[in-house]
Amino acid sequence: MTQTAHNDSVLIIDFGSQVTQLIARRVREAGVYCEIVPFQSAEDGFNRLQPKAVILSGSPASTLEEGSPRTPQIIFDSGLPVFGICYGQQTICAQLGGKVEGGHHREFGRAFLEIEKECALFEGLWSVGSRHQVWMSHGDRVTAIPPGFEVLATSSNAPFAFIADEKRKYYAVQFHPEVVHTPDGAKLIANFVHNIAGIKGDWSMSAYRAKAVEEIRAQVGNKRVICGLSGGVDSSVAALLIHEAVGDQLTCILVDHGLMRKNEAADVVAMFKEHYNLHLIHVDASDMFIAALEGESDPETKRKTIGRLFIDVFEAEAKKLGGAEFLAQGTLYPDVIESVSFSGGPSVTIKSHHNVGGLPARMNMQLVEPLRELFKDEVRVLGKELGLPDSFIGRHPFPGPGLAIRCPGGITREKLEILREADAVYLDEIRKAGLYDVIWQAFAVLLPVQTVGVMGDGRTYEFVCALRAVTSVDGMTADFYPYDMEFLGRAATRIINEVRGINRVVYDVTSKPPGTIEWE
């Protein structure tokens, strides 16, 4: 399903900032639809989306470097409101007659703005003479502003921290309003899309649902669709949305690859067969998957092997059905963004277990991806809109490769069973403590390390189990959950006592800043 024009939308041009997705979150929190496009394809994105306003992101690049990213001229010729953030401010100045220089005092972290002039963007927010915390992250800085611009606010190290040409509705800031460290940043962005661009902010999940159903029907016609139903929230919401659009033309396939959580396959089959009128086929392919993975230690090879085998299973099942023209997936917007990253850096392989880039040429099928415009938390809102119970919508995310990537090092059936049991005990303790809905994602990891331990009167040589738990809103950034020691002691004791093969448990305090690979 292709992304199409939306009424009253915002285009975000990505110059490579690790927090560009946060700009999109702030815009959508204001009730306005937006899309992110890499700067190289910004003109095409502009023509396709036909936005009402444009936001320019930050970047690790420097406008002083030859060949550094630039805003397409069509943006400035359009007469639309433009909001430049950090590098976005610098490229506005570099392109419109101002000046940017390096070698000045770099500024990374907390800073304070002094408001010097009134501005439509400040309505209900800031007043002349007030002082406000913002978050800076820049090496170069603007040293001369273009004709028509004026200074609205300064900081101790940025004399042009906030500038504007209000006649043309151009606004540019040196700081990052999208991050939580700028307390008023979300309101500032909301003021831009509402007060400056005149967008009402009436984009809703109900409207998205209706639009998606129409687009699925237009894409699929009277053809058959198969959907890989993992039992996770993303694939389940995608399946229900497609079923609403095309009914019995959809067949869902649950592939049990032997890498699911304890009782996962049986629970999913029971729920969908009892509560939803979906045609669901349960394929036990665990022997095939585990045989292909046994002994494999490279995580990327694991992902690609699993992805390849999934395709093989779907292709075989489609043939049994007499053919299917479409394959449905629960691809999300962050998957799409990361798969088209302009930098060519590590993000291009982050989602290698999603077929964001397309299907093998041998498969005469097209992808149906009705969630590819949504963030993770928005999918949960859509799930509620479609009638999924809260208990299901709130399930912790579980990656397509499943336990394979939570078992670093070589995979064996024995290790998978040990991990499955440890994970089940851990999640049981989380539920008993009333923490399941507080935590975004929690799981056990079986480390490729064995240690000597003494249990009772005997010596053991068994695996180390790591526990992870993170809090997040949208899955793009996360921080570890601060368990108390009583909980950790209780969970560790149960795992060691009940799961043969583990004699030590540790807690992982890894966080996930924006722009990094998944925790798994």
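Farthest towards the positive end of the charge dipole of the range 1-160, among the residues CYS34, THR63, VAL151, is the Cα of CYS34, using unit charges on the Cβ of Lys, Arg, Asp and Glu.
Per residue, what accessible area does the chain have, given a 1.4 Å probe and all protein chains present, in Å²? Before the final figure, lay out each step's value.
Working: 21330 Å² over 520 residues.
With the other protein chains kept in place, the chain gives 41 Å² per residue.
Pulled fully out, how much extra length does the chain show between LYS117 and ALA144, if you take 0.36 nm times their separation in residues and subtract their Cα-Cα distance?
Working: separation 27, 0.36 × 27 = 9.72 nm, distance 1.79 nm.
Here the segment from LYS117 to ALA144 would lengthen by 7.9 nm.
If you roll a 1.4 Å probe over the chain with all protein chains in place, what percent of the accessible area is carbon or sulfur? Reported share for carbon and sulfur atoms: 49 percent.
Cross-link partners for LYS223 among the aspartates and glutamates, with Cα-Cα distance under 19 Å and sequence neighbours closer than 8 places in the same chain left out: GLU214, GLU215, GLU244, ASP248, GLU315, GLU317, GLU325, GLU369. Computed from the Cβ-Cβ distance with R0 of 25 Å, the FRET efficiency linking VAL452 to LYS432 stands at 0.20. Here the spin labels are modelled as points 7 Å beyond Cα on the Cα-Cβ line, and at SER391 and GLN50 they lie 4.7 nm apart.
How many percent of DSSP beta bridges within the chain run antiparallel, rounded to 5? Approximately 50 percent, going by the DSSP bridge assignments. Across the options ALA218, LEU250, PHE160, the greatest Cα extent toward the positive end of the charge dipole of the range 157-298 (unit charges at beta carbon of Lys, Arg, Asp, Glu) belongs to PHE160. Within the range 430-490, antiparallel bridges make up roughly 100 percent of the DSSP beta bridges whose residues both belong there.
Here's the list of lysines a cross-link from LYS117 could span, going by alpha-carbon distance under 16 Å and ignoring same-chain residues fewer than 8 apart: LYS167, LYS169. Sequentially through the range 78-86, phi angles give Karplus couplings (6.51, -1.76, 1.60; θ = phi - 60°) of 6, x, 7, x, 10, 10, x, 10, 6 Hz, Gly and Pro residues having no value and appearing as x. Label-to-label distance for PHE76 and THR471 is 4.5 nm, based on points extended 7 Å past Cα in the beta-carbon direction. Checked against a 21 Å cut-off, the cross-linked pairs LYS262/LYS432; LYS262/LYS320; LYS211/LYS376; LYS187/LYS211 give Cα-Cα distances beyond that limit for LYS262/LYS320; LYS187/LYS211. Remark on the chain: hydrodynamic radius 25.0 angstrom, per the Kirkwood mean of 1/r across alpha carbon pairs.
Could you work out the relative contact order of the chain? I mean the mean sequence separation of Cα pairs under 8 Å and 6+ apart, divided by the number of residues, in percent. It would help to have the intermediate numbers written out before the result.
Numbers: 1031 pairs, mean separation 56.4, N = 520.
In percent, rounded to a whole number, it is 11.
Dipole magnitude for the chain: computed about the Cα centre from +1 point charges on Lys and Arg Cβ and -1 point charges on Asp and Glu Cβ, it is near 100 debye.
Let a ≥ b ≥ c be the square roots of the eigenvalues of the Cα gyration tensor of the range 1-126; is it rounded (a/c under 1.5), or, if not, prolate (a/b larger than b/c) or oblate?
Numbers: a/c = 1.68, a/b = 1.23, b/c = 1.36.
Oblate shape, in that a/c is at least 1.5 and b/c is the bigger or equal ratio.
The values are calculated or read from the model by the stated rules, or taken from the named source; none is laboratory data. Just so it is clear, the structure is predicted and the values come from calculations on it, not from any experiment. Using ideal geometry, Cβ is built from the backbone for each residue, glycine included, and neighbour counts are taken over all protein chains shown. Side chains are part of the model used for accessible areas, which takes the heavy atoms of the whole protein and leaves out ligands, DNA and RNA. Shrake-Rupley method; radii C 1.70, N 1.55, O 1.52, S 1.80 Å.
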